[in-house]
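Read the structure below first, then the notes.
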Amino acid sequence: MPRAPRSIPVLGHTGALWRDPLGWLKACSGGPGIQELKLRGRRGYLVADAKLAHSVLTNVSDFDKGGQIADQARAVLGNGLLTCPAAEHRRQRRLMQPAFTRERVGEAGVVMVEEAERLAASWRDGERLDLVPVLNRLTQRVTIRSLLPSFDLSSIDEMVSVFDRLLDGEVFRHAVLPEWARNLPLPSARRFTAAVAEADATCARAVESARADPAAGGLLSALLEKGAGEEEALFSDEELKAQVVTFLAAGTETTASVLSWFFHRVAEDPALGERLHQELDTVLEGRTATAEDVPQLPFTNALFAETLRVHSPTWIIARCATREVELGGHRFPEGTEFYVSPYQLHHNPAVHPDPERFDPDRWTGGRSALVPSVGYVPFGAGARICIGARFALHEAVIAVSALAGRWDLRPEPGARVRPRPRIVMAPHGLVLRAHDRRAAV
(Lines give C-alpha, C1' and ligand atoms only; values in the text may rest on other atoms or scores of the structure.)
Protein backbone atom coordinates (compact mmCIF):
# COMPACT_ATOMS: atom_id res chain seq x y z
CA MET A 1 0.00 0.00 0.00
CA PRO A 2 1.54 3.39 -0.98
CA ARG A 3 2.31 5.67 1.94
CA ALA A 4 1.08 9.27 1.98
CA PRO A 5 3.83 11.91 1.60
CA ARG A 6 5.59 13.86 4.38
CA SER A 7 5.90 11.04 6.88
CA ILE A 8 8.73 11.37 9.41
CA PRO A 9 10.18 8.78 11.83
CA VAL A 10 8.26 8.20 15.08
CA LEU A 11 5.61 10.88 14.46
CA GLY A 12 4.56 9.60 11.04
CA HIS A 13 2.07 12.07 9.55
CA THR A 14 1.04 13.67 12.87
CA GLY A 15 3.47 16.55 12.34
CA ALA A 16 2.14 17.31 8.84
CA LEU A 17 -1.45 17.21 10.09
CA TRP A 18 -0.51 19.57 12.92
CA ARG A 19 1.63 22.09 11.00
CA ASP A 20 -0.02 22.34 7.58
CA PRO A 21 -2.98 19.98 7.17
CA LEU A 22 -4.34 21.57 3.99
CA GLY A 23 -0.94 21.68 2.33
CA TRP A 24 -0.46 18.04 3.25
CA LEU A 25 -3.85 17.08 1.82
CA LYS A 26 -2.99 18.84 -1.43
CA ALA A 27 0.30 16.95 -1.51
CA CYS A 28 -1.70 13.73 -1.25
CA SER A 29 -3.88 14.71 -4.22
CA GLY A 30 -3.17 13.11 -7.55
CA GLY A 31 -1.71 10.07 -5.82
CA PRO A 32 -3.23 6.64 -5.27
CA GLY A 33 -6.90 6.39 -4.26
CA ILE A 34 -5.94 4.92 -0.87
CA GLN A 35 -2.79 5.99 0.98
CA GLU A 36 -1.36 4.65 4.21
CA LEU A 37 -1.04 7.04 7.16
CA LYS A 38 0.52 6.92 10.58
CA LEU A 39 -1.25 9.15 13.07
CA ARG A 40 -0.46 9.20 16.78
CA GLY A 41 1.46 5.96 16.41
CA ARG A 42 -1.38 4.06 14.70
CA ARG A 43 -1.84 3.06 11.09
CA GLY A 44 -4.76 4.40 9.09
CA TYR A 45 -5.67 5.17 5.48
CA LEU A 46 -6.57 8.34 3.62
CA VAL A 47 -9.26 7.63 1.01
CA ALA A 48 -8.52 10.17 -1.73
CA ASP A 49 -10.56 8.66 -4.57
CA ALA A 50 -13.98 10.37 -4.78
CA LYS A 51 -16.00 7.19 -5.46
CA LEU A 52 -14.24 5.18 -2.78
CA ALA A 53 -14.66 8.05 -0.31
CA HIS A 54 -18.38 8.20 -1.09
CA SER A 55 -18.61 4.47 -0.41
CA VAL A 56 -16.91 4.89 2.97
CA LEU A 57 -19.33 7.67 3.94
CA THR A 58 -22.53 5.95 2.76
CA ASN A 59 -21.87 2.29 3.68
CA VAL A 60 -22.63 2.56 7.39
CA SER A 61 -22.75 -1.21 7.92
CA ASP A 62 -19.05 -1.56 7.01
CA PHE A 63 -17.71 1.87 8.04
CA ASP A 64 -18.79 3.31 11.38
CA LYS A 65 -17.86 6.31 13.49
CA GLY A 66 -14.70 5.27 15.25
CA GLY A 67 -10.96 5.54 15.43
CA GLN A 68 -8.78 7.65 17.64
CA ILE A 69 -10.01 11.08 16.51
CA ALA A 70 -13.66 10.03 16.73
CA ASP A 71 -13.07 8.51 20.16
CA GLN A 72 -11.48 11.71 21.39
CA ALA A 73 -14.37 13.76 19.97
CA ARG A 74 -16.79 11.48 21.83
CA ALA A 75 -14.91 12.14 25.06
CA VAL A 76 -15.49 15.88 24.56
CA LEU A 77 -18.94 16.02 22.93
CA GLY A 78 -20.53 13.00 24.59
CA ASN A 79 -22.32 10.18 22.80
CA GLY A 80 -24.65 12.42 20.79
CA LEU A 81 -25.87 12.19 17.22
CA LEU A 82 -22.58 13.46 15.79
CA THR A 83 -20.37 10.94 17.59
CA CYS A 84 -22.49 7.90 18.44
CA PRO A 85 -21.85 4.53 16.73
CA ALA A 86 -24.22 3.15 14.08
CA ALA A 87 -25.92 0.84 16.60
CA GLU A 88 -27.32 3.93 18.36
CA HIS A 89 -27.47 6.37 15.47
CA ARG A 90 -30.79 5.26 13.94
CA ARG A 91 -32.67 5.63 17.23
CA GLN A 92 -31.04 8.98 18.03
CA ARG A 93 -31.74 10.37 14.57
CA ARG A 94 -35.42 9.35 14.73
CA LEU A 95 -35.74 11.09 18.09
CA MET A 96 -33.94 14.18 16.79
CA GLN A 97 -35.96 14.47 13.59
CA PRO A 98 -38.93 16.36 15.13
CA ALA A 99 -36.56 19.24 15.96
CA PHE A 100 -35.61 19.69 12.29
CA THR A 101 -38.87 19.54 10.39
CA ARG A 102 -39.60 22.37 7.96
CA GLU A 103 -42.08 23.75 10.49
CA ARG A 104 -39.51 23.80 13.32
CA VAL A 105 -36.84 25.36 11.12
CA GLY A 106 -39.41 27.96 10.06
CA GLU A 107 -40.12 28.76 13.72
CA ALA A 108 -36.39 29.08 14.39
CA GLY A 109 -36.27 31.46 11.42
CA VAL A 110 -37.91 34.12 13.58
CA VAL A 111 -34.93 33.96 15.96
CA MET A 112 -32.51 33.99 13.01
CA VAL A 113 -34.10 37.19 11.67
CA GLU A 114 -34.10 38.92 15.07
CA GLU A 115 -30.45 38.13 15.78
CA ALA A 116 -29.25 39.04 12.28
CA GLU A 117 -31.09 42.37 12.40
CA ARG A 118 -29.76 43.07 15.89
CA LEU A 119 -26.21 42.56 14.63
CA ALA A 120 -26.77 44.64 11.47
CA ALA A 121 -28.14 47.51 13.58
CA SER A 122 -25.10 47.43 15.90
CA TRP A 123 -22.52 48.23 13.21
CA ARG A 124 -21.41 51.76 12.37
CA ASP A 125 -20.38 53.23 9.03
CA GLY A 126 -16.64 52.78 8.56
CA GLU A 127 -16.35 50.31 11.45
CA ARG A 128 -13.47 47.82 11.30
CA LEU A 129 -14.80 44.30 11.92
CA ASP A 130 -12.87 41.27 13.13
CA LEU A 131 -15.49 39.15 11.45
CA VAL A 132 -14.95 35.57 12.66
CA PRO A 133 -15.65 36.14 16.39
CA VAL A 134 -18.53 38.47 15.48
CA LEU A 135 -20.20 35.78 13.39
CA ASN A 136 -19.39 33.08 15.93
CA ARG A 137 -21.34 35.02 18.51
CA LEU A 138 -24.23 35.49 16.08
CA THR A 139 -24.54 31.76 15.36
CA GLN A 140 -24.11 30.88 19.03
CA ARG A 141 -26.95 33.19 20.04
CA VAL A 142 -29.20 31.84 17.28
CA THR A 143 -28.52 28.24 18.30
CA ILE A 144 -28.99 28.82 22.04
CA ARG A 145 -32.19 30.82 21.58
CA SER A 146 -33.51 28.22 19.14
CA LEU A 147 -32.77 25.48 21.65
CA LEU A 148 -34.21 27.28 24.66
CA PRO A 149 -36.37 30.34 23.88
CA SER A 150 -36.93 30.89 27.61
CA PHE A 151 -33.23 31.50 28.34
CA ASP A 152 -32.55 35.03 29.58
CA LEU A 153 -29.75 37.23 28.24
CA SER A 154 -27.29 36.45 31.05
CA SER A 155 -27.78 32.68 30.58
CA ILE A 156 -27.20 33.02 26.83
CA ASP A 157 -24.00 35.04 27.35
CA GLU A 158 -22.75 32.53 29.95
CA MET A 159 -23.33 29.63 27.56
CA VAL A 160 -21.56 31.48 24.75
CA SER A 161 -18.51 32.08 26.97
CA VAL A 162 -18.37 28.44 28.05
CA PHE A 163 -18.34 27.13 24.50
CA ASP A 164 -15.84 29.77 23.39
CA ARG A 165 -13.42 28.27 25.91
CA LEU A 166 -14.23 24.68 24.95
CA LEU A 167 -13.70 25.20 21.21
CA ASP A 168 -10.68 27.50 21.42
CA GLY A 169 -8.34 25.12 19.63
CA GLU A 170 -7.88 22.77 22.60
CA VAL A 171 -10.12 20.05 21.19
CA PHE A 172 -8.13 19.93 17.94
CA ARG A 173 -4.80 19.80 19.74
CA HIS A 174 -5.94 16.94 21.95
CA ALA A 175 -7.47 15.08 19.02
CA VAL A 176 -4.25 14.91 16.99
CA LEU A 177 -1.68 14.44 19.76
CA PRO A 178 -0.61 10.94 20.88
CA GLU A 179 -2.16 9.75 24.14
CA TRP A 180 1.11 10.09 26.06
CA ALA A 181 1.33 13.76 25.03
CA ARG A 182 -2.32 14.46 25.87
CA ASN A 183 -1.79 13.09 29.37
CA LEU A 184 1.15 15.33 30.21
CA PRO A 185 0.40 17.76 33.10
CA LEU A 186 0.48 20.82 30.86
CA PRO A 187 -1.54 24.03 31.33
CA SER A 188 -3.37 23.32 28.04
CA ALA A 189 -4.46 19.90 29.36
CA ARG A 190 -5.81 21.48 32.54
CA ARG A 191 -7.69 24.13 30.53
CA PHE A 192 -9.11 21.43 28.30
CA THR A 193 -10.35 19.33 31.25
CA ALA A 194 -11.86 22.37 32.95
CA ALA A 195 -13.62 23.48 29.75
CA VAL A 196 -15.16 20.03 29.22
CA ALA A 197 -16.44 19.94 32.82
CA GLU A 198 -17.81 23.48 32.54
CA ALA A 199 -19.63 22.67 29.28
CA ASP A 200 -21.10 19.53 30.82
CA ALA A 201 -22.49 21.48 33.79
CA THR A 202 -23.88 24.22 31.53
CA CYS A 203 -25.66 21.70 29.29
CA ALA A 204 -27.07 19.91 32.34
CA ARG A 205 -28.68 23.21 33.42
CA ALA A 206 -30.12 23.64 29.93
CA VAL A 207 -31.70 20.18 30.03
CA GLU A 208 -33.08 20.85 33.52
CA SER A 209 -34.60 24.12 32.28
CA ALA A 210 -36.24 22.44 29.28
CA ARG A 211 -37.74 19.66 31.43
CA ALA A 212 -39.04 22.20 33.92
CA ASP A 213 -40.90 24.15 31.21
CA PRO A 214 -41.64 21.90 28.20
CA ALA A 215 -44.27 24.34 26.94
CA ALA A 216 -41.58 26.99 26.31
CA GLY A 217 -40.99 25.53 22.86
CA GLY A 218 -37.68 25.41 21.01
CA LEU A 219 -35.62 22.61 19.54
CA LEU A 220 -34.73 21.09 22.90
CA SER A 221 -38.39 20.83 23.91
CA ALA A 222 -39.06 18.97 20.65
CA LEU A 223 -36.68 16.25 21.86
CA LEU A 224 -38.84 15.72 24.96
CA GLU A 225 -42.00 14.99 22.98
CA LYS A 226 -43.20 11.52 22.06
CA GLY A 227 -45.40 11.20 19.00
CA ALA A 228 -48.60 9.17 18.92
CA GLY A 229 -47.91 5.45 18.59
CA GLU A 230 -44.17 5.76 19.25
CA GLU A 231 -42.82 3.10 21.57
CA GLU A 232 -39.17 4.10 21.46
CA ALA A 233 -37.67 5.35 24.71
CA LEU A 234 -37.05 9.08 24.81
CA PHE A 235 -33.66 10.59 25.47
CA SER A 236 -32.23 10.33 28.98
CA ASP A 237 -30.80 13.47 30.60
CA GLU A 238 -27.28 12.27 29.76
CA GLU A 239 -28.23 11.81 26.11
CA LEU A 240 -29.92 15.20 26.01
CA LYS A 241 -26.77 16.84 27.35
CA ALA A 242 -24.82 15.24 24.53
CA GLN A 243 -27.31 16.57 21.98
CA VAL A 244 -27.01 20.10 23.39
CA VAL A 245 -23.22 19.91 23.13
CA THR A 246 -23.62 18.62 19.56
CA PHE A 247 -25.95 21.49 18.64
CA LEU A 248 -23.54 24.06 19.99
CA ALA A 249 -20.29 22.51 18.78
CA ALA A 250 -21.47 21.42 15.32
CA GLY A 251 -24.01 24.15 14.68
CA THR A 252 -22.18 27.35 15.53
CA GLU A 253 -18.53 27.44 14.41
CA THR A 254 -19.34 25.61 11.19
CA THR A 255 -21.98 28.12 10.09
CA ALA A 256 -19.90 31.07 11.29
CA SER A 257 -16.92 29.77 9.33
CA VAL A 258 -18.94 29.46 6.10
CA LEU A 259 -20.40 32.95 6.61
CA SER A 260 -16.92 34.37 7.18
CA TRP A 261 -15.53 32.81 4.01
CA PHE A 262 -18.66 33.94 2.12
CA PHE A 263 -18.10 37.59 3.06
CA HIS A 264 -14.37 37.29 2.35
CA ARG A 265 -15.02 36.02 -1.19
CA VAL A 266 -17.65 38.67 -1.89
CA ALA A 267 -15.42 41.41 -0.48
CA GLU A 268 -12.45 40.50 -2.66
CA ASP A 269 -14.51 40.33 -5.87
CA PRO A 270 -16.67 43.45 -6.41
CA ALA A 271 -18.53 41.77 -9.29
CA LEU A 272 -19.81 39.08 -6.93
CA GLY A 273 -20.82 41.74 -4.42
CA GLU A 274 -22.74 43.64 -7.07
CA ARG A 275 -24.65 40.51 -8.15
CA LEU A 276 -25.42 39.64 -4.52
CA HIS A 277 -26.69 43.12 -3.65
CA GLN A 278 -28.77 43.28 -6.81
CA GLU A 279 -30.52 40.00 -5.99
CA LEU A 280 -31.17 40.97 -2.36
CA ASP A 281 -32.50 44.40 -3.37
CA THR A 282 -34.73 43.01 -6.12
CA VAL A 283 -36.21 40.06 -4.26
CA LEU A 284 -36.41 41.43 -0.72
CA GLU A 285 -36.81 45.18 -1.36
CA GLY A 286 -34.93 46.18 1.77
CA ARG A 287 -36.30 43.64 4.24
CA THR A 288 -34.59 40.66 5.85
CA ALA A 289 -35.26 37.25 4.31
CA THR A 290 -37.46 34.72 6.10
CA ALA A 291 -37.28 30.95 5.77
CA GLU A 292 -39.83 31.14 2.94
CA ASP A 293 -37.57 33.51 0.97
CA VAL A 294 -34.49 31.28 0.97
CA PRO A 295 -35.37 29.35 -2.23
CA GLN A 296 -36.11 32.65 -4.00
CA LEU A 297 -32.44 33.74 -3.77
CA PRO A 298 -30.67 31.48 -6.30
CA PHE A 299 -27.44 33.46 -6.60
CA THR A 300 -27.08 33.76 -2.82
CA ASN A 301 -27.58 30.00 -2.55
CA ALA A 302 -25.05 29.41 -5.35
CA LEU A 303 -22.51 31.57 -3.50
CA PHE A 304 -23.00 29.41 -0.42
CA ALA A 305 -22.68 26.17 -2.38
CA GLU A 306 -19.37 27.32 -3.86
CA THR A 307 -18.15 28.59 -0.48
CA LEU A 308 -18.91 25.16 0.99
CA ARG A 309 -16.94 23.54 -1.83
CA VAL A 310 -13.84 25.70 -1.58
CA HIS A 311 -13.91 26.24 2.19
CA SER A 312 -15.73 23.23 3.61
CA PRO A 313 -15.71 23.77 7.39
CA THR A 314 -15.58 20.01 8.00
CA TRP A 315 -12.25 19.14 6.42
CA ILE A 316 -11.56 15.64 7.79
CA ILE A 317 -13.94 12.75 8.63
CA ALA A 318 -12.95 9.52 10.38
CA ARG A 319 -14.49 6.08 9.94
CA CYS A 320 -13.59 2.63 11.30
CA ALA A 321 -14.15 -0.76 9.61
CA THR A 322 -16.74 -2.79 11.53
CA ARG A 323 -15.50 -6.04 9.94
CA GLU A 324 -13.04 -7.16 7.30
CA VAL A 325 -13.76 -5.00 4.24
CA GLU A 326 -12.71 -4.72 0.62
CA LEU A 327 -12.02 -1.23 -0.71
CA GLY A 328 -10.33 -0.29 -3.96
CA GLY A 329 -9.12 -3.83 -4.57
CA HIS A 330 -7.50 -4.13 -1.13
CA ARG A 331 -8.68 -6.01 1.95
CA PHE A 332 -8.53 -4.43 5.38
CA PRO A 333 -9.13 -6.07 8.78
CA GLU A 334 -11.84 -5.09 11.26
CA GLY A 335 -10.87 -1.97 13.19
CA THR A 336 -8.95 -0.32 10.34
CA GLU A 337 -9.20 3.46 10.50
CA PHE A 338 -10.07 5.43 7.36
CA TYR A 339 -10.03 9.19 6.77
CA VAL A 340 -12.01 11.12 4.17
CA SER A 341 -11.30 14.81 3.53
CA PRO A 342 -14.13 16.91 2.06
CA TYR A 343 -11.53 19.61 1.47
CA GLN A 344 -9.43 17.29 -0.67
CA LEU A 345 -12.45 15.90 -2.56
CA HIS A 346 -13.77 19.41 -3.24
CA HIS A 347 -10.39 20.42 -4.72
CA ASN A 348 -10.09 17.36 -6.95
CA PRO A 349 -9.79 18.56 -10.59
CA ALA A 350 -11.23 15.27 -11.86
CA VAL A 351 -14.52 16.16 -10.15
CA HIS A 352 -14.40 19.97 -10.08
CA PRO A 353 -12.59 21.45 -13.11
CA ASP A 354 -10.24 24.31 -12.23
CA PRO A 355 -10.91 23.65 -8.52
CA GLU A 356 -8.99 26.66 -7.16
CA ARG A 357 -11.21 29.08 -9.08
CA PHE A 358 -14.11 30.40 -6.99
CA ASP A 359 -17.08 30.22 -9.34
CA PRO A 360 -20.65 30.27 -7.96
CA ASP A 361 -21.99 29.79 -11.49
CA ARG A 362 -21.11 26.10 -11.10
CA TRP A 363 -24.31 25.96 -9.04
CA THR A 364 -26.74 28.18 -10.91
CA GLY A 365 -28.29 25.26 -12.80
CA GLY A 366 -30.43 24.24 -9.85
CA ARG A 367 -27.88 22.12 -7.96
CA SER A 368 -28.16 22.44 -4.20
CA ALA A 369 -25.59 22.37 -1.42
CA LEU A 370 -28.07 20.23 0.52
CA VAL A 371 -27.80 17.34 -1.97
CA PRO A 372 -24.49 15.43 -1.72
CA SER A 373 -22.84 13.87 -4.75
CA VAL A 374 -19.65 11.98 -5.47
CA GLY A 375 -16.90 14.48 -4.71
CA TYR A 376 -19.17 17.04 -2.99
CA VAL A 377 -20.00 16.29 0.64
CA PRO A 378 -20.03 19.54 2.69
CA PHE A 379 -22.66 18.07 5.04
CA GLY A 380 -21.50 14.46 4.77
CA ALA A 381 -23.48 11.78 2.95
CA GLY A 382 -25.70 8.77 3.50
CA ALA A 383 -27.49 8.02 6.76
CA ARG A 384 -25.11 10.29 8.66
CA ILE A 385 -25.62 13.39 6.54
CA CYS A 386 -25.90 16.44 8.79
CA ILE A 387 -29.41 16.59 10.25
CA GLY A 388 -29.09 20.36 10.69
CA ALA A 389 -28.06 21.18 7.11
CA ARG A 390 -31.33 22.93 6.26
CA PHE A 391 -31.23 24.86 9.55
CA ALA A 392 -27.65 25.98 8.82
CA LEU A 393 -28.37 27.06 5.24
CA HIS A 394 -31.46 29.03 6.29
CA GLU A 395 -29.54 30.69 9.11
CA ALA A 396 -26.71 31.66 6.76
CA VAL A 397 -28.94 33.06 4.00
CA ILE A 398 -31.02 35.03 6.49
CA ALA A 399 -27.85 36.47 8.07
CA VAL A 400 -26.52 37.52 4.67
CA SER A 401 -29.80 39.17 3.73
CA ALA A 402 -29.71 41.31 6.87
CA LEU A 403 -26.00 42.13 6.83
CA ALA A 404 -25.32 42.48 3.09
CA GLY A 405 -28.71 44.08 2.58
CA ARG A 406 -27.54 47.06 4.63
CA TRP A 407 -23.75 46.86 4.59
CA ASP A 408 -21.05 46.63 1.97
CA LEU A 409 -18.12 44.80 3.60
CA ARG A 410 -14.78 45.67 2.02
CA PRO A 411 -11.31 44.23 2.67
CA GLU A 412 -8.70 46.10 4.65
CA PRO A 413 -5.62 46.94 2.54
CA GLY A 414 -2.74 44.60 3.28
CA ALA A 415 -4.82 42.08 5.22
CA ARG A 416 -3.62 38.51 4.75
CA VAL A 417 -6.44 36.00 5.06
CA ARG A 418 -5.53 32.34 5.28
CA PRO A 419 -7.30 29.14 6.36
CA ARG A 420 -6.78 27.96 9.90
CA PRO A 421 -7.93 24.35 10.24
CA ARG A 422 -8.80 23.40 13.78
CA ILE A 423 -12.17 21.89 14.65
CA VAL A 424 -13.45 23.69 11.54
CA MET A 425 -11.57 25.42 8.74
CA ALA A 426 -12.14 29.07 9.60
CA PRO A 427 -10.34 32.08 8.04
CA HIS A 428 -7.57 33.67 10.06
CA GLY A 429 -6.84 37.38 9.74
CA LEU A 430 -10.20 38.30 8.22
CA VAL A 431 -10.83 41.99 8.89
CA LEU A 432 -13.41 43.88 6.84
CA ARG A 433 -14.60 47.49 6.85
CA ALA A 434 -18.36 48.12 7.00
CA HIS A 435 -19.79 50.73 4.63
CA ASP A 436 -23.43 51.70 4.96
CA ARG A 437 -25.11 51.07 1.59
CA ARG A 438 -27.88 53.52 2.45
CA ALA A 439 -25.36 56.36 2.69
CA ALA A 440 -24.20 55.66 -0.87
CA VAL A 441 -27.71 56.08 -2.32
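Each Lys or Arg adds one and each Asp or Glu takes one away; over the other residues whose Cβ falls under 14 Å from the Cβ of ALA318, this sums to +4.
Calculated mean residue ellipticity, 222 nm, the chain: -15500 deg cm²/dmol, from DSSP H runs (n ≥ 4) at -39500 (n - 2.57) each, averaged per residue and rounded to 500. Going by accessible surface with a 1.4 Å probe and the largest first, THR193, THR336, THR101 read THR193, THR101, THR336.
Using only the C-alpha atoms, the convex hull of the range 296-335 corresponds to 126 Å³ per residue.
Per the Debye formula on identical point scatterers at the alpha carbon atoms of the chain, with no solvent, log10 I(q)/I(0) at q = 0.07, 0.14 Å⁻¹ is -0.34, -1.44. Using the Cβ-Cβ distance between THR364 and ARG124 with R0 set to 35 Å, the FRET efficiency from 1/(1 + (r/R0)^6) comes to roughly 0.50.
Computed from the Cβ-Cβ distance with R0 of 35 Å, the FRET efficiency linking ARG420 to ASP71 stands at 0.90. Distance between the pseudo-spin-label points of VAL431 and ILE8 (7 Å out from Cα toward the beta carbon): 3.2 nm. Per atom type, the chain shows carbon and sulfur on 52% of its accessible surface, probed at 1.4 Å. Summing +1 for each Lys or Arg and -1 for each Asp or Glu among the other residues whose beta-carbon sits under 9 angstrom from that of TYR376 gives +2.
With all protein chains kept in place, the per residue accessible area of the range 326-441 amounts to 43 square angstrom at a probe of 1.4 angstrom. Amide H to amide H distances under 5 Å link PHE63 with THR322, where only residues 5 or more positions off or on other chains count and H is placed in the peptide plane. Per residue, the solvent-accessible area of the range 1-129 (1.4 Å probe, heavy atoms of protein chains only, all protein chains present) comes to 45 Å².
The values are calculated or read from the model by the stated rules, or taken from the named source; none is laboratory data. Predicted model only: the values in this text are computed from it and were never measured. Neighbour counts run over all protein chains shown; Cβ positions are idealised from the backbone, glycine included. Accessible surface areas use protein heavy atoms only, side chains included; no ligands, DNA or RNA. Shrake-Rupley method; radii C 1.70, N 1.55, O 1.52, S 1.80 Å.
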